[in-house]
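This report concerns only the one structure given below.
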Amino acid sequence: MEKIKLNDRTFKVMIPAEQIDAAVTKVAQRLNEDYADAKKPPIFVGVLCGAFIFLADVVRKVTFDNEITFVQVSSYQGIQSTGNIQQKLGIDFDITDRDIILVEDIVETGHSIDYLARYLQSFNPRSVEVCTLFFKPEKYLYDRPIKYVAMEIGNEFIAGYGLDYDQVGRNLKDIYVVDNE
């Protein structure tokens, strides 16, 4: 099994790129079904920095017209969430009566998604749905539904495919997990 070193930790492959691509394709198919007849192009709102690769792959697989923008929030230090949300970049155009698809790399506790969904709802969109590559249902603390989930995982710390460990590893095509051996 391939192992890599990111900063001070060793990681091993947990999910190969082919499995990620299949999951992304399934999510895109569900989005295509739900938004095929949208009156206005839905707006994908990617959460930087982690969701940029997932979002790029999803939008290349959808068949409906859409728009893309980004927001940036942060709650991580190292491999732990601090629980404190810091918004660094927001929406700077009118989203009133538009369908919003909030795209995350991973939903764990849900603090960031809840914060961002409430923030976006303050602009009176038609709808706000969440689309995530990874969902950790055991850690999720909110009632807000996560409608589009590519994969559910346990409580492992992962890196790769846009997810980082202290800002490195986003470029990896596979998903890696900390190797505790």
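The values are calculated or read from the model by the stated rules, or taken from the named source; none is laboratory data. These numbers were taken from a predicted model, which means no experiment stands behind them. Heads up, the Cβs are rebuilt from the backbone with ideal geometry, glycines too, and the neighbour counts pull from every protein chain shown.
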Name the one entry in F157, F93 that is touching a strand residue (DSSP E or B) at 6+ places or on another chain (Cβ under 9 Å), of a type in the set (F, W, Y) and under 19 Å from L48 (Cβ atoms).
-> F93
Residue list for the stretch 127-149, restricted to those being within 19 Å of P42 (Cα to Cα) and either part of a loop (DSSP other than H, G, I, E, B) or in contact with a Ser or Thr (Cβ under 9 Å, 6 or more places away or on another chain) (or both) = P145, I146, K147, Y148, V149
Inspect all residues belonging to the stretch 82-94 and state whether any of them is farther than 16 Å from F44 by Cβ, in contact with a Ser or Thr (Cβ under 8 Å, 6 or more places away or on another chain) and either modelled with pLDDT of 95 or more or surrounded by 13 or more Cβ atoms within 10 Å (Cβ to Cβ) (or both).
-> yes
Scan the stretch 36-54 for residues that are under 12 Å from I68 (Cβ atoms), at pLDDT below 95 and more than 18 Å from the chain's Cα centre (by Cα) and jot them down.
-> none
Enumeration of residues in the stretch 9-27 that are over 11 Å from V178 (Cβ atoms) and not in a helix (DSSP H, G or I) | V13, I15, P16
Consider E33 against the criteria (1) in contact with a helix residue (DSSP H, G or I) (Cβ under 7 Å, 6 or more places away or on another chain); (2) modelled with pLDDT of 90 or more: it satisfies all of them except one. Which criterion is unmet?
-> (1)
Go through the stretch 48-72 and count every residue that is among the basic types (K, R) and farther than 22 Å from L163 by Cα.
-> 0
Are any of the residues in the stretch 162-175 in a strand (DSSP E or B), over 16 Å from the mean Cα position of the chain (by Cα) and of a type in the set (A, V, I, L, M)?
-> yes
Across the stretch 97-154, what is the number of residues that are out of contact with any strand residue (DSSP E or B) (no Cβ under 8 Å at 6 or more places or on another chain) and free of Cβ contacts under 8 Å to residues at least 40 places away in the same chain?
-> 12
Does T63 count as in contact with a helix residue (DSSP H, G or I) (Cβ under 8 Å, 6 or more places away or on another chain) and either surrounded by 12 or more Cβ atoms within 10 Å (Cβ to Cβ) or at pLDDT 55 or above (or both)?
-> yes
Search the stretch 46-73 for residues that are of a type in the set (G, A, S) and pair each with any residue that is buried (at least 17 other Cβ atoms within 10 Å of the Cβ) and assigned to a strand (DSSP E or B) when their beta-carbon atoms are under 6 Å apart and the residues are at least 6 apart or on different chains.
-> G46/F70; G46/V103; G50/D105; G50/L163; A51/V103; A51/E104; A51/D105
V45 fails exactly one of the following numbered conditions: (1) in a helix (DSSP H, G or I); (2) over 21 Å from Y165 (Cα atoms). What is the number of that condition?
-> (1)
